[in-house]
Each structure stands twice: as C-alpha cells, then as structure tokens.
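Heads up, the thing below is written out as structure tokens.
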Amino acid sequence: MKKAVFLSIITMSIFSGLFGKKENPVVFKFSSPENEACFTCKHVLEENKPILYVSHDEEDGGWQFLCGAENHEEEDARIVSLLEIVKIDPRVNALYEMPEGVCAERKSKDGEWKAFKN
C-alpha cells in the first residue's frame, strides 16, 4: 500500500511538472540592467495602486515609478529593481526609450502614457 501511494505521488509530481501551469516570462525592454535600483512608493508596492507617474531623472538617470498622488512623504519611498517594476506593471515597458529629464503620466492603469519635459 505504501509503495502504491509513493508511486502515485511521484507520478503526480512528474505530470504536474510537465503539464502544470507555467508562468508567462516577463518581457523586459529597458536597456538599463534588470537589477538597477529605482524608486517607487508604498502605495504601488504595498497597496497595489497603479503606476500613474514615471520620471527618468536628468541629474542621475534614476527612474521613479509612482502612484501619482501628490502627498508623498519621505517614508513612503521604497527601492526596488527595475525588473520588479516591470513585473508589477508590464505596461511601463512602453517607456523604455524615455530620455533622461522626461516624465510620463497616465490617468489609469490601462491609459496611454503622455510624456512631458520635467
């Protein structure tokens, strides 16, 4: 009996590995390294708010991916990798060629990005 249960578990494990649901690979279009540190806010990271404002800073080339609220405090800032941001919202890939000193915003998660000079 124990042998049959063990064989069933092994068989199920093999089949789930072969035919189980696989995650879609993340498409990463930015030329910056995937592990580049960038800023986001706790609202995006912890409260699942959409990314509505992106800045590619002219001073240091850093990226900021924020929820668009205007009342951010210093303690709201979080640092994550650029890859993590793309995993959170793959639509930010549309901004991969955005030059330094430019910002973009949109009205909703599915909205079109509107770029402007900062």
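The values are calculated or read from the model by the stated rules, or taken from the named source; none is laboratory data. Please read these numbers as outputs of a predicted model, since none were measured by experiment. When we count neighbours, we look across all protein chains shown, and the Cβ atoms used for this are built from the backbone with ideal geometry, even at glycine. For the accessible areas, the whole protein counts, side chains as well, though only heavy atoms, and no ligand, DNA or RNA atoms are used. Shrake-Rupley method; radii C 1.70, N 1.55, O 1.52, S 1.80 Å.
Structural remarks
- Here residue 99 meets each of (1) assigned to a loop (DSSP other than H, G, I, E, B); (2) touching a Ser or Thr at 6+ places or on another chain (Cβ under 7 Å) with one exception, condition (2).
- Pairs are defined by a Cβ separation below 6 Å, a sequence spacing of at least 6 or placement on different chains, a first member in region 43-72 that is closer than 21 Å to residue 100 by Cβ, and a second member that is among the small types (Gly, Ala, Ser) and part of a loop (DSSP other than H, G, I, E, B); the pairs so defined are 52/68; 53/68; 58/101.
- A single entry from 109, 87 fulfils the requirement of being assigned to a helix (DSSP H, G or I) and under 16 Å from residue 50 (Cα atoms): 87.
- Matching residues, region 100-111, being surrounded by 15 or more Cβ atoms within 10 Å (Cβ to Cβ) and out of contact with any helix residue (DSSP H, G or I) (no Cβ under 6 Å at 6 or more places or on another chain): 102, 103, 105, 106
- Scan of region 76-99 for residues that are out of contact with any Cys (no Cβ under 9 Å at 6 or more places or on another chain) and open to solvent by 70 Å² or more (accessible area, probe 1.4 Å), ordered by number: 87, 90, 91, 94, 96, 97, 99
- Any pair with Cβ under 9 angstrom, 6 or more apart, that starts in region 83-107 at a residue that is modelled with pLDDT of 95 or more and ends at one that is assigned to a helix (DSSP H, G or I) and polar (S, T, N, Q): 86/93
- Matching residues, region 35-75, being more than 20 Å from residue 114 (Cβ to Cβ), surrounded by 14 or more Cβ atoms within 10 Å (Cβ to Cβ) and out of contact with any Leu (no Cβ under 9 Å at 6 or more places or on another chain): 42, 45, 62
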